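The values are calculated or read from the model by the stated rules, or taken from the named source; none is laboratory data. Given the structure is predicted, the values throughout are model-derived calculations rather than measurements. Positions of Cβ are generated from backbone atoms using ideal geometry, with glycine treated the same way; all protein chains shown enter the neighbour counts.
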Amino acid sequence: MAYSGIGTSGGDRTQLSEAVLDVYSLDILHEAQGIMRYEEFAVLRSDLQAAPGQTVQFTTYSDVTRGGELTEGTNLSTYAMSASQQSITVSEYGNAISVSEKLLQASYDNLLGEAALLLGRDYAVVRDLAVRDAIVGSGSTLFTSSGAAAVGDVLEDDKMDIETLRVGIENLQTVNAPKFMSDFYVCMVHPHQAAYLKRDPDWVSAHQYAGSRNLFNGEIGRWEDVVFITTTHQGNGAAGVSAPGYEADLAGTGAGAQDLYRATLLADQAFAIADGLPVELRDNGVEDFGRMHSLAWYGIWGQGVLNSDHIIHMISS
């Protein structure tokens, strides 16, 4: 008696063809992708009345004229408060995915759920890179080679080191740049650079002080009064051209035509993010009589630097 099945018959039984031996897992695999790192260290402001092209104003007050010892019978001198306005222009951001009704019905995956997940990941990257790019254009730059004045002077052996970090910290303290939580500065660093910093004997890994406070996303450790956040979104020349972290000015521009990496040291109130409309996941309604379905993320925001002297970039091999 022959077995019923799919395939070709041979003798008294039916053999399954190779085509039906493929088994698809319900576990979905995604390419590794960075997430937002800068958001936690921004001055945030929401203005829900802002429209595309409008600006959100940030007010910065100068310190008052210093007081001192008083003389009996002499009135206190009074001074006007001094403030300056800094504006951030908000813009529209978004991205969309479209799938057909036929594909939804035939697929063994939850395609709309996967589309929502992919859009969320895309939003995180777009927002993080927008903030990073705003910061790259401001602040001062240090090189891991003491004699370097440009990227072309950085040698192959000029890796990220503590001495460069010491200079950056001194520069921030000299301008009285405030620390986050009155406790630490933050250094956004590429994993390649972090590997060399961890060799310092005074490095403290995050797991050693975890519990004293909530750790930031990507926090890997601390050196004296600097907390390190690792992210592949940091500018570098070694990443692929289409990778989020790729920066053309650092690709093969070292003294030996080697790729370079950028770390960014931040003080509090260095930059701001202004939200005109918090990000939303939207559908496009009924398309082509229900034959197509589209999802998009959409938001209105802007980013900008508040105090450029609170930002120091460090370039290394």
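Examine the stretch 99-106 for a residue that is within 29 Å of residue 45 (Cα to Cα) and either loosely packed, with under 13 Cβ neighbours inside 10 Å or of a type in the set (Ser, Thr, Tyr) (or both), and state whether such a residue exists. Scanning the stretch 99-106, I find no residue that is within 29 Å of residue 45 (Cα to Cα) and either loosely packed, with under 13 Cβ neighbours inside 10 Å or of a type in the set (Ser, Thr, Tyr) (or both), so the answer is no.
Residue by residue, here is whether (1) in contact (Cβ under 8 Å) with a residue 60 or more places away in the chain; (2) at positive phi; (3) of a type in the set (Val, Ile, Thr) holds:
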residue	(1), (2), (3)
184	no, no, no
189	yes, no, yes
208	no, no, no
212	no, no, no
222	no, no, no
242	no, no, no
245	yes, no, no
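Go through the stretch 80-98 residue by residue and tally those that are exposed (fewer than 10 other Cβ atoms within 10 Å of the Cβ) and of a type in the set (Ser, Thr, Tyr). Number of matching residues: 1. Here residue 282 meets each of (1) assigned to a strand (DSSP E or B); (2) surrounded by 18 or more Cβ atoms within 10 Å (Cβ to Cβ) with one exception, condition (2).
Could you tell me whether the stretch 74-82 includes any residue that is within 30 Å of the chain's Cα centre (by Cα) and among the hydroxyl-bearing types (Ser, Thr, Tyr)? Break it down stepwise before answering.
Of all residues in the stretch 74-82, those within 30 Å of the chain's Cα centre (by Cα) come to none.
No, the stretch 74-82 has no match at all.
I'd like to check something: does the stretch 61-82 contain any residue that is in contact with a Ser or Thr (Cβ under 8 Å, 6 or more places away or on another chain), more than 26 Å from residue 248 (Cα to Cα) and at pLDDT below 85? Looking through the stretch 61-82, at least one residue is in contact with a Ser or Thr (Cβ under 8 Å, 6 or more places away or on another chain), more than 26 Å from residue 248 (Cα to Cα) and at pLDDT below 85.
Could you check the stretch 224-240 and list, in sequence order, the residues that are in contact (Cβ under 8 Å) with a residue 12 or more places away in the chain and under 16 Å from the mean Cα position of the chain (by Cα)?
As a first pass, look at the stretch 224-240 and keep what is in contact (Cβ under 8 Å) with a residue 12 or more places away in the chain: 224-238.
Selection gives 227, 228, 229, 230, 231, 232, 233, 234, 235, 236.
I'd like the residue in the stretch 127-159 that is within 26 Å of residue 306 (Cβ to Cβ) and of a type in the set (A, V, I, L, M) and, out of all such residues, is farthest from the chain's Cα centre (by Cα).
First, pick out the residues of the stretch 127-159 that are within 26 Å of residue 306 (Cβ to Cβ): 127-143.
Those left that are additionally of a type in the set (A, V, I, L, M): 129-131, 134-136, 142.
Working: 129: 6, 130: 8, 131: 7, 134: 11, 135: 11, 136: 12, 142: 21 Å.
Among them, the one singled out is 142.
Given the options 250, 265, name the one that is touching a residue at least 24 places away in the same chain (Cβ under 8 Å), farther than 20 Å from residue 37 by Cα and in the same structural domain as residue 181 (by TED's automatic domain parsing).
Among 250, 265, only 250 is touching a residue at least 24 places away in the same chain (Cβ under 8 Å), farther than 20 Å from residue 37 by Cα and in the same structural domain as residue 181 (by TED's automatic domain parsing).
Name the single residue that is nearest to residue 227 (Cα to Cα) among those in the stretch 150-164 being among the aliphatic types (A, V, I, L, M) and touching a residue at least 40 places away in the same chain (Cβ under 8 Å). Please lay out each step first, then the result.
Applying the first criterion (among the aliphatic types (A, V, I, L, M)) to the stretch 150-164 yields 150-151, 154-155, 160, 162.
Subsequent filtering for residues that are touching a residue at least 40 places away in the same chain (Cβ under 8 Å) retains 151, 154-155, 160, 162.
Details: 151: 25, 154: 25, 155: 26, 160: 15, 162: 13 Å.
In this case the residue turns out to be 162.
Identify all residues within the stretch 273-295 that are touching a strand residue (DSSP E or B) at 6+ places or on another chain (Cβ under 6 Å) and closer than 30 Å to residue 137 by Cα; write none if there are none. Answer for the stretch 273-295, where residues must be touching a strand residue (DSSP E or B) at 6+ places or on another chain (Cβ under 6 Å) and closer than 30 Å to residue 137 by Cα: 273, 274, 275, 276, 277, 279, 280. Taking the stretch 70-189 and the strands (runs of 3 or more DSSP E) fully enclosed by it, the elements with 3 or more residues that are touching a strand residue (DSSP E or B) at 6+ places or on another chain (Cβ under 9 Å) and among the polar types (S, T, N, Q) are at 83-89, 91-100. Out of the residues in the stretch 190-211 that are assigned to a helix (DSSP H, G or I) and under 17 Å from the mean Cα position of the chain (by Cα), which is surrounded by the fewest Cβ atoms within 10 Å (Cβ to Cβ)? Per the criteria, the residue is 191. The number of residues in the stretch 270-315 that are in contact with a His (Cβ under 9 Å, 6 or more places away or on another chain) and modelled with pLDDT of 95 or more comes to 2.
For the stretch 93-123, name all the residues that are under 24 Å from residue 38 (Cβ atoms) and either in contact with a Lys or Arg (Cβ under 9 Å, 6 or more places away or on another chain) or free of Cβ contacts under 8 Å to residues at least 12 places away in the same chain (or both). So that I can check it myself, show each step before the final result.
Applying the first criterion (under 24 Å from residue 38 (Cβ atoms)) to the stretch 93-123 yields 93-95, 116-123.
Of everything in the stretch 93-123, those that are under 24 Å from residue 38 (Cβ atoms) and either in contact with a Lys or Arg (Cβ under 9 Å, 6 or more places away or on another chain) or free of Cβ contacts under 8 Å to residues at least 12 places away in the same chain (or both) turn out to be 93, 94.
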